[in-house]
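What follows draws every value from the coordinates through simple rules; no lab data is involved. The model shown is predicted, which means the values in this text are computed figures rather than measured ones. Backbone-built Cβ (ideal geometry, glycine too); neighbour counts: all protein chains shown.
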Amino acid sequence: MQHPEAWANFLMDWFVKILPFSPVALLQLTAYLDMALGILLLLNLFTPYVGIIGALHMIAILISSGVTDITIRDVAIAGACFALFLETKDKSIFKKYLK
């Protein structure tokens, strides 16, 4: 990721204060997570898990960054990830809960 310090400005002040490490380190970790999820999607591996992890990751981004000029993009990505989870999950694991 190029220039993670520029993206750190999107983080809310209260969130930066509770981080146990620098915002730049968090963004670098986020970049690695995004790449790993993307590779798993390309390889069609663990797709339901990638979907739900991606949705939760995007929700965490929405909470930590607040309403900005890219919020609608993040909401759309979270929705797409959750839809991916719903379409690829093993429906049998939910049969007993969805009677």
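Descriptive notes on the structure:
- Checking each residue in the range 1-38 for being of a type in the set (Asp, Glu) and in contact with a Leu (Cβ under 6 Å, 6 or more places away or on another chain) picks out no residue at all.
- Leading residue by the ranking (nearest to Asp13 (Cα to Cα)) among those in the range 25-34 that are within 11 Å of the chain's Cα centre (by Cα) and of a type outside the set (Ser, Thr, Tyr): Ala31
- Residue in the range 44-88 that is farthest from the chain's Cα centre (by Cα), counting only those that are among the aromatic types (Phe, Trp, Tyr) and more than 15 Å from Asp34 (Cα to Cα): Phe85
- Close pairs (8 angstrom Cβ cut-off, 6 or more residues apart or separate chains): touching a residue at least 40 places away in the same chain (Cβ under 8 Å) and within 18 Å of Trp7 (Cβ to Cβ) in the range 54-83, part of a helix (DSSP H, G or I) and charged (D, E, K, R) anywhere: Ser65/Asp74
- Residue count for the range 1-29, restricted to those that are surrounded by 12 or more Cβ atoms within 10 Å (Cβ to Cβ) and not aliphatic (A, V, I, L, M): 7.
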